[in-house]
Amino acid sequence: MQLLLCTLLVSAAPPTASVVLVQGDVVAQPPKGKVFGKLAVGDQLRAGTRVRVGEGRAELKFADGTKVRVHKNSEVRVAPRSPDKTSSVSLFFGRVWSKVVKKVRGGRSFEVQTANAVAGVRGTELEVGVADDGAARVLVHTGKVEVAGESGSAVPIGRGFEIQR
């Protein structure tokens, strides 16, 4: 029995993010799971986990120190890290705030994906929201963000600016 347990632990994917704040109605659905359950501070989230916030908020912290605050009436999925070690979340509806740690070497260190846009970040603070009609809005507080729409061409957005796709 111990050998089987060790094999299962070794084959399990490492956590992608940890939960550092939970206030109010916050639930999560593990990858390939069918049921949402209560989320608690200290929980470790694997790629594919969906986090749904009702009346409340949650904050996730990624391995590189990037933080993502999921606001009320929002749902995200923690995406797997890409080969270039970019972490990301997919925002289905609602709004997220992100404070992204800048990578030592160039390239994107974090992405917020929606149905209509991808915000690629190097090191900044931004908010991304998805309206009821599916339109994505990206507001940059500090730094610079590249926002790509359905056409695939990226538009750089600087501090104090926003774009809607």
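The values are calculated or read from the model by the stated rules, or taken from the named source; none is laboratory data. Since the structure is predicted, the reported quantities are computational estimates derived from the model, not experimental observations. As a convention, Cβ positions derive from the backbone with ideal geometry for all residues, glycine included, and neighbour counts pool all protein chains shown. Side chains included, ligands, DNA and RNA excluded: accessible areas come from the protein's heavy atoms. Shrake-Rupley method; radii C 1.70, N 1.55, O 1.52, S 1.80 Å.
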(request) Apply 1/(1 + (r/R0)^6) to the Cβ-Cβ distance of ALA131 and ARG159, taking R0 = 22 Å, and write down the FRET efficiency to the nearest 0.05. (result) 0.45
(request) Run the accessible area of the chain with a 1.4 Å probe and give the carbon-and-sulfur part as a rounded percent. (result) 55
(message) Modelling each spin label as a point 7 Å along the Cα-to-Cβ direction, I'd like the SER90/GLU150 distance in nm, to one decimal.
(response) 1.8
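Could you order the peptides 140-146, 93-99 from most to least packed, using the average number of other C-beta atoms within 10 Å per residue?
Packing proxy ranking, top to bottom: 93-99, 140-146.
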(message) Given the range 105-165, report the % of alpha carbon pairs whose separation exceeds 17 Å.
(response) 29
(request) Report, largest value first, the span of the C-alpha coordinates of the range 36-84 along each principal axis, in whole Å. (result) 35, 20, 18
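Considering only DSSP beta bridges with both partners in the chain, what is the antiparallel share in %, to the nearest 5?
95
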(message) Taking θ = phi - 60°, what integer Hz values does the Karplus form 6.51 cos²θ - 1.76 cosθ + 1.60 yield along the range 154-165, in sequence order, with x for Gly and Pro?
(response) 8, 10, x, 10, x, 3, x, 10, 9, 9, 10, 10
(request) Work out from phi, with θ = phi - 60° and the Karplus expression 6.51 cos²θ - 1.76 cosθ + 1.60, the ³J(HN,Hα) of each residue of the range 131-147, listed in order in whole Hz, and give x for Gly and Pro. (result) 7, 4, 7, x, 5, 9, 10, 10, 10, 9, 8, 9, x, 9, 10, 9, 10
(request) Could you estimate the translational diffusion coefficient of the chain from the Stokes-Einstein equation, with Rh from the Kirkwood formula over C-alpha pairs, at 25 °C and 0.890 mPa s, in whole µm²/s? (result) 151
(message) As an exercise, identify the trypsin sites (Lys or Arg not before Pro) in the range 22-66 lying in DSSP coil whose Cβ has no more than 14 other Cβ atoms within 10 Å.
(response) LYS32, LYS34
(request) Mind checking which lysines have their Cα closer than 26 Å to the Cα of LYS102? Skip sequence neighbours fewer than 8 apart in that chain. (result) LYS61, LYS67, LYS85, LYS144
(request) Name the shape class, rounded, prolate or oblate, that the alpha-carbon gyration tensor gives for the range 57-96, where a ≥ b ≥ c are the square roots of its eigenvalues, rounded holds for a/c under 1.5, and otherwise prolate holds if a/b is larger than b/c and oblate otherwise. (result) oblate
